[in-house]
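Each value in this text was obtained by applying a stated rule to the coordinates, not by laboratory testing. Everything quoted here is computed from the prediction, not taken from an experiment. Reconstructed Cβ throughout: ideal geometry from the backbone, glycine too, with neighbour counts over all protein chains shown.
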Amino acid sequence: MAIVELTNVTKKFSGSRGEVTAVNNVSFKANSGEVLGILGPNGAGKTTTLRMIATIYKPDNGTIFVDGIDVVKSPMEVRKRIAYMTQEPDLPPALSVKDYMIYYFRFRGLSKEKARRYCDHTLELFNLKGHAHKKPFQLSTGLKRRVQLACVLSSDVPLIFLDEPTAGIDPRSKRNTWEFIKEKLKDGGMTVILTSHDLYEIEYLADKVIIMNHGKIVAKGSPSELKRKFGKTVRVILEEPIYNFDLLKEILLEIKSIKNVFLIGENSFDIQLKSLEYSINDILQALVSHGLRIRDIFTTTANFEDVYLDIIEG
């Protein structure tokens, strides 16, 4: 079941240089129990997209539904169904961790008694009991993020936004945070939309990824699917040195499956394929037909960061 559904959504802004299209005819779904990662460089349109889903901006064209509710027609109903973890820790300086949690759950509509029970359970679940009476100035950045995360993930809502959930925290705390998210989502059935500049974080947490650039979706799929589709390189090692690499490169680039060719050593080079869907038979035939003797040839799949950069820069 789709918790979030965008269909042909467009958003434009007027500026000093005229009208700018921030989001251009974007469509996608996020299903129940799914972690959807949204990636893209600055100005790609991802923040505008999130703000439209969260009812902060209205789309100029297209429709957005959250849990079956139109975000334009019923924004207050949508807001009851979402929880948002901001990028910067925003804990009130005067409140202890426990008081903040109770305040948070009361704000979300729980009775005072139920908010206290939720608070005690959340402190236990997220290993925060020892910090319950501390105020924000006594907490590390990692602990502040954990308090935020604990409140958001404990909210009884179908859709959660996590904006850079591990920004500014140390590697151990980052790993612990990932495990908290995984553990909570395993049984919850809630949908998470995750944004992060940490591509390993996206790869680890996201079931599906959308990559945006210039207001459009340029790729989507699971991290493993994107690596299989976009991340294949063939390394070729010849018996003899390469005397005219420019000519060799020109010959190979005539093959439609090849995106680029890079010289590695005096007798070796890498061939970057446009997609894993292509066969290397054409490459072998081209090399053999030009009298080149192959000592070794093998394929490698790039890491997710390389694939992301290749998609964005391609």
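Amide H contacts under 5 Å for Ala83: Leu159, Ile160, Phe161, restricted to partners 5 or more places along the chain or on a different chain, H placed in the peptide plane at 1.01 Å from N. Taking every DSSP beta bridge that has both ends in the chain, the antiparallel portion is near 70%. Count charges around Asp296 for me, please; just the other residues with Cβ under 15 Å from its Cβ, Lys/Arg as +1, Asp/Glu as -1. With Lys, Arg at +1 and Asp, Glu at -1, the net is -1. Backbone amide hydrogens, once placed in the peptide plane, bring Lys259 within less than 5 Å of Gln272, Leu273, Lys274, excluding anything fewer than 5 places away on its chain. A DSSP coil position with no more than 10 other Cβ atoms inside 10 Å describes the following trypsin sites (Lys or Arg not before Pro) in the range 63-129: Lys73.
Bridgeable lysines around Lys259 (alpha carbons under 19 Å apart, same-chain partners fewer than 8 residues away excluded): Lys227, Lys229, Lys232, Lys249, Lys274. Given the alternatives (i) 1.01; (ii) 0.98; (iii) 1.10, Rg/Rh (Cα atoms, Kirkwood Rh) as computed for this entry is given by (iii).
The relative contact order of the range 146-208, computed from alpha carbon pairs under 8 Å that lie at least 6 residues apart in sequence, is 42 percent. Taking amide H as placed 1.01 Å from N in the peptide plane, Lys12 has its amide H under 5 Å from the amide H of Ala22, Asp60, each at least 5 places away in sequence or on another chain. Its relative contact order, with pairs defined as Cα atoms under 8 Å and 6+ residues apart, puts the range 230-313 at 46 percent.
Where is the GNM fluctuation largest for the chain (alpha-carbon springs, 10 angstrom cutoff): Gln87, Gln285, Gln272? Sorting by GNM fluctuation, first place goes to Gln285.
Sorting Asp246, Asp60 from the fewest to the most surrounding beta carbons within 10 angstrom yields Asp246, Asp60.
Per-residue extension of 0.36 nm, minus the Cα-Cα distance of Asp99 and Thr63, leaves a gain of 9.1 nm for this segment. Taken one residue at a time, the phi angles of the range 207-219 give Karplus couplings (6.51, -1.76, 1.60, θ = phi - 60°) of 7, 9, 10, 10, 10, 10, 7, 6, x, 10, 7, 9, 6 Hz. Gly and Pro are set to x. Computed from the Cβ-Cβ distance with R0 of 30 Å, the FRET efficiency linking Lys112 to Gln138 stands at 0.75.
Shown in residue order for the range 16-22 are the 3J(HN,Hα) couplings computed by the Karplus curve 6.51 cos²θ - 1.76 cosθ + 1.60 at θ = phi - 60°: 5, 9, x, 7, 10, 8, 7 Hz (x for Gly and Pro). Listed by chain and number, the aspartates and glutamates whose alpha-carbon sits under 20 Å from that of Lys112, ignoring those within fewer than 8 places in the same chain, are Asp99, Asp120, Glu124, Asp156.
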